[in-house]
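Accompanying notes for the structure given below.
The values are calculated or read from the model by the stated rules, or taken from the named source; none is laboratory data. Model, not experiment: these values are computed from the prediction. Backbone-built Cβ (ideal geometry, glycine too); neighbour counts: all protein chains shown. Surface areas here come from the heavy atoms of the whole protein model, side chains and all, with no ligands, DNA or RNA. Shrake-Rupley method; radii C 1.70, N 1.55, O 1.52, S 1.80 Å.
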Amino acid sequence: MNNTANFDQLWQIPPEPIHQILDAPPPPQVLLSPNREWLVELEHPSLVPIALLAEPEVALAGLILNPKTNASARRHPYHSIKVRAIASDANKTITLDKLENALIDFIKWSPDSQKLAFTVTQATGLELWVLDLGEGTPRRLTEPILNAAYGNPYHWLSNEVLICKFIQSDRGEPPIEPTVPPGPIIQENLGQRSPARTYTNLLTNQYDEVLFEYYLTSVLETVTLDGRRTRLGSPGLIYEAIPSSDGTFILLNTVHRPFSYKVPVSYFPKSIEVIDNVGNLIYKVIDVPLYNPRTTKFDEVRTGRRDISWRSDAKATLCWLEALDDGDPTLEVPYRDAFFILDAPFTGTPKQLWKSQYRCQGVAWGKEDVALVSERWYDTRSERIWRIYPHQPETPPQLLFDRSYEDKYSSPGSPMMKPGPYRYQVLRFEPDSQAIYLSGRGASPNGVYPFLDRLDLATGKSQRLWQCQDPYFEDIYYVLDDEAQTLITRRQSQTEPPNYFLFSRSDHSSSLALSNYQDPAPQLAGIHKELVQYQRADGVQLSATLYLPQGYDANRDGPLPMIFWVYPEEFKDREFAGQLTTAENTFSRPSRASVLFLLTQGYAVLSGPTLPIIGEGDAEPNDTYVEQLIAGASAAVDYVVKRGVADPQRLCISGHSYGAFTTVNLLIHSDLFRIGIARSGAYNRTLTPFGFQGEQRNFWEAADTYIHMSPFTHASQVKAPLLLIHGEDDSNPGTYPLQTERLYEALKGLGATVRWVVLPLEDHGYQSREAVGHVLWEMVNWCDKYLK
C-alpha cells in the first residue's frame, strides 16, 4: 500500500447479499407488563443514518448530550410500538398509528399495568405521553420539556400521577464560551493516592462546569393524567427521583460541586435525601463526597452509605450498604460490608441485617422472613448466596451457595420474580411453602440447556422442574403463576429464529406462539454451524463455533480461507477455563459489523475460540499472557487445519476492542496468520497505566507485563498485512483513537503493510448504516486482496 491519504474517499457499499441483509428490519424488542398480561413490541432499525450521529453533541463529565433535546445523543429510540394481550382467549391489539415513525423512548408501565408511559422526541426536546390500555389511544401530557440529560426523566408515583424532571422554563440560551481564557487550568494532588482509569469526555475547564450545570439542572414536578403539574422543591442537578414502594416518599439523588476533571459524573458529590410526595424534606440519607479511587483493585468502593434504594417488599423502607473495611480491599478484615434498613418515618436507628465477608453484590427481597443476598470477591472469583431473615436479623443467615463464579457448570441460576404487594419485584414463592424458583443458562459438559429449578429454602435442596431439549435453545422469559406451571419462553434453534411461546409444563406440546418473527437474513439459511472442542498443549479444554459457507463440501471444495474472531478472557482456575459455555442450538444471523457476513463471500469463520489466560493461586494471568495466547491460537489452528476445512496459508486473525489488541499480539508473536483485522483496540498499555481489562496492577507494579503485552512495543515484528479501523469518537475507557493512530504511525515508519480507517462520528461500537457498511466493505476487500 502506498503511503498516501485519500481525501476523495466516500462511504463504500459492501457486496451483496451483505448490503441487502443490512437493510432488513430486525425483529422487534419485546417488553411484558408487570402483571404479565400485555406484550409490547418495539420496532427500531438496527442501524441509524450517519446524519443522526452528525447532530450537535456536547461531551460533559462522561456524558454525551444532544443540546437540542437535552438528552443523551447516543440513545436511539424506537420507531413504532404495538401492545397486545397475551391470554389465548383475548385478541386485543393496540397499534399506535398516531405515533408511526415517532421517536419513542423511556417506556414505563404504571404499577397496575393498565397504563404505559413513554417519551416522544421532538426537534426541541422530549414530550411525555401516556397510553391507557382501556382507552387504546395515546395522549400527550407535556410539552417537549423533560430533562433526560442524566438519569431517567420520569417515574410513576402512583397509577394516576407521574414525577418528572423538567427543564426550567426561564433557563434561557446556553452560556457562550469565553473567547479569552479567564485564567489557567490548575489541578493539584497533595500526596494522596488517586489512580484513575482512562475515562473520556470529561470536564476540562470552568466553562464546561457551567455548561454541565446548565444542561443537568432540573425542576422536579408531579404531573397528573389530566396534565396538572405541581412543583416539588428547588431546581438542582437531579440524577434520580425514585418513589417508595407505596408512593408516599421519594428518594432524591442530586449531584453538586465540587466537580472533577479526572472522573465522570458518577463519581461526583451527591446529596441523597428522602422527600414526601409534596416536596418536604423528611430525611437526609447522606451527602456523598467526590469519590477518588485510592487503589486499582476492582473491589474498592466508596466509604459511607452506598447503593441506597427502597426495600421492594415493604411500603417505605430504605436499605443500603456500608463498607466495614474503609472501602479498601487491600486491608485484612473479618467483614467487608454491612447491610442496613430503616423504616419510615426514618426517625429510628438503622437496623443491621447482615455482614458480608466478601463485597456485597445485591439483594432479592421476598417477604418479612426471606431475602437473598449475594457477595463476591474478585481476587479469588468467589461467590456466596445467603438467605437472611429481615424480621429477625439475629437469626444466623443460611448459606445456600458457595462457589467460584468462574464455574458456569455449578451456576444455580437467578431467582424468578413477580410484582410485589406494592410496585416493585419480589421473589416468587411456591404456595404455602418456603420454595422459590431459579432459572439458569444450564451450561454443562453436554452443552448449554436452560432450566427451571425449584429451590426449597428450608432444606437448601433443588429440584429440576424443566429443561430445554434438543434441537432447541429455549430460555425462561417469565413464570406466570406461583406453581410455575405456566411459562413464557424464548425458543430458537439453528434453523428457527427466536420467538416467544406460552405453554404449560404439564402439556408442553400445546404451546401458544406469541410471536412469529421470520428469518431476517434467509440468504444465510444454508450455513453450517457447529460447536467444536479441542485441547491446548497443556491439556486445557478449548472450544469454538465453526461456521462454513452455504453449500460447502469439504471433499469437493477443500480447505477454505478462514477468519478467526477472537476475544481472550482471564481465569483463576484451569478447570473452569475449559468449560463449555457456548450454546450450539442458537439461531445465528449476522447484524451490524459481524464477521459472519463474510460467510456470504466464501470464507469460513471460527468465532470465539476460547483463549483463556490462566493465573492459578498467586500467579497473575497476564504475566504469561503472550505464551498462553499463542498456545490457545495454535490449538485452534491445528484443529481446523487437521479437520481439512481451513487452509493454513490463508488464515486471518481479527477482533474488536480487546480482541483487536489480541489480533496484533498474535501477528507479532506467532506466524499462524497471514493477515489481521483490528477494530477499535488499544495497543500501548503505558497509555492505560492504572489497569485494563482484568488487570488490577498498575504499570509501575507490573512494568514488564505491561510492556511485554503491548503490541506497540513490538511493532517492528508485524510482517503480515494489517487493517486498522477505529471510531473517531471512541468513548470507551482505554481505547482512545490515539491508540490506533500511534500504532499506524509506527508501522508506517517501519515499512509495514497497513491500512488505517477512521470512522467519523462513530463511537466504540459502530452505529450508522454508512459506517457499518463501509467496515464490512473494508474487511471483505482486505481479505480478498491478501487472503483469497
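Here are the numbers:
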| read-out | value |
| --- | --- |
| Odd one out for GLN12 among (1) free of Cβ contacts under 8 Å to residues at least 12 places away in the same chain; (2) within 19 Å of ARG769 (Cα to Cα) | (1) |
| Qualifying residue in the stretch 427-445 (condition: out of contact with any Gly (no Cβ under 6 Å at 6 or more places or on another chain), open to solvent by 50 Å² or more (accessible area, probe 1.4 Å) and part of a strand (DSSP E or B)) | no |
| Selected residue (criterion: farthest from ALA604 (Cα to Cα)) from residues of the stretch 526-575 that are under 29 Å from the mean Cα position of the chain (by Cα) and of a type in the set (Gly, Ala, Ser) | SER543 |
| Matching residues in the stretch 603-640 - criterion: being closer than 24 Å to LEU524 by Cα and open to solvent by 10 Å² or more (accessible area, probe 1.4 Å) | SER607, GLY608 |
| Whichever residue in the stretch 61-72 is crowded, with 20+ Cβ neighbours inside 10 Å and small (Gly, Ala, Ser) and, among such residues, is nearest to LEU96 (Cα to Cα) | ALA71 |
| Hits in the stretch 511-525 (condition: open to solvent by 40 Å² or more (accessible area, probe 1.4 Å) and more than 30 Å from the chain's Cα centre (by Cα)) | LEU512 |
| The stretch 690-717, residues that are assigned to a loop (DSSP other than H, G, I, E, B), open to solvent by 10 Å² or more (accessible area, probe 1.4 Å) and touching a residue at least 24 places away in the same chain (Cβ under 8 Å) | PHE690, GLN693, GLY694, GLN696, ARG697, ASN698 |
| Looking only at the stretch 535-559, and only at residues there that are open to solvent by 20 Å² or more (accessible area, probe 1.4 Å) and assigned to a strand (DSSP E or B), the one that is nearest to ASP784 (Cα to Cα) | GLN535 |
| Checklist (1) of a type outside the set (Asp, Glu); (2) open to solvent by 10 Å² or more (accessible area, probe 1.4 Å); (3) touching a residue at least 60 places away in the same chain (Cβ under 8 Å); (4) over 18 Å from SER710 (Cα atoms) applied to PRO733, failing item | (4) |
| Strands (runs of 3 or more DSSP E) contained in the stretch 453-533 and holding at least 1 residues in contact (Cβ under 8 Å) with a residue 60 or more places away in the chain | 472-479, 486-493, 499-504, 507-513 |
| Any chance TYR405 is over 24 Å from ASP325 (Cα atoms) and either open to solvent by 30 Å² or more (accessible area, probe 1.4 Å) or modelled with pLDDT under 95 (or both) | no |
| Strands (runs of 3 or more DSSP E) contained in the stretch 584-662 and holding at least 3 residues touching a residue at least 12 places away in the same chain (Cβ under 8 Å) and either closer than 28 Å to ARG556 by Cβ or more than 28 Å from the chain's Cα centre (by Cα) (or both) | 604-607, 646-656 |
| Tally, over the stretch 667-688, of residues that are within 20 Å of ALA196 (Cα to Cα), buried (at least 17 other Cβ atoms within 10 Å of the Cβ) and not charged (D, E, K, R) | 6 |
| Given (1) within 29 Å of ILE21 (Cα to Cα); (2) surrounded by fewer than 20 Cβ atoms within 10 Å (Cβ to Cβ); (3) touching a strand residue (DSSP E or B) at 6+ places or on another chain (Cβ under 6 Å), number of the condition LYS108 does not satisfy | (1) |
| Given (1) open to solvent by less than 50 Å² (accessible area, probe 1.4 Å); (2) free of Cβ contacts under 8 Å to residues at least 24 places away in the same chain; (3) not in a helix (DSSP H, G or I), number of the condition ALA720 does not satisfy | (2) |
| Any pair with Cβ under 8 angstrom, 6 or more apart, that starts in the stretch 273-289 at a residue that is more than 16 Å from CYS319 (Cβ to Cβ) and ends at one that is polar (S, T, N, Q) and part of a loop (DSSP other than H, G, I, E, B) | ASP276/THR248; ASN277/THR248 |
| Yes/no for ALA593 being surrounded by fewer than 16 Cβ atoms within 10 Å (Cβ to Cβ) and not polar (S, T, N, Q) | no |
| Any hit, the stretch 319-333, residues being more than 26 Å from THR295 (Cα to Cα), in contact with a Phe, Trp or Tyr (Cβ under 6 Å, 6 or more places away or on another chain) and crowded, with 21+ Cβ neighbours inside 10 Å | no |
| Tally, over the stretch 224-245, of residues that are of a type in the set (D, E, K, R), within 21 Å of TYR150 (Cβ to Cβ) and open to solvent by 70 Å² or more (accessible area, probe 1.4 Å) | 1 |
| Every pair of residues 6+ apart whose Cβ atoms lie under 6 Å, when the first sits in the stretch 144-171 and is farther than 12 Å from TYR215 by Cβ and touching a residue at least 40 places away in the same chain (Cβ under 8 Å) while the second is surrounded by fewer than 24 Cβ atoms within 10 Å (Cβ to Cβ) and of a type in the set (D, E, K, R) | PRO144/GLU127; GLY151/GLU240; ASN159/ASP112; CYS164/GLU221; PHE166/GLU221 |
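Quick grid of which residues meet (1) open to solvent by 40 Å² or more (accessible area, probe 1.4 Å); (2) closer than 21 Å to PRO235 by Cα; (3) in a strand (DSSP E or B):
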| position | (1), (2), (3) |
| --- | --- |
| THR119 | no, no, yes |
| GLY134 | yes, no, no |
| ARG139 | yes, no, yes |
| ASN159 | yes, no, no |
| LYS165 | no, yes, yes |
| ASP170 | yes, yes, no |
| GLU173 | yes, yes, no |
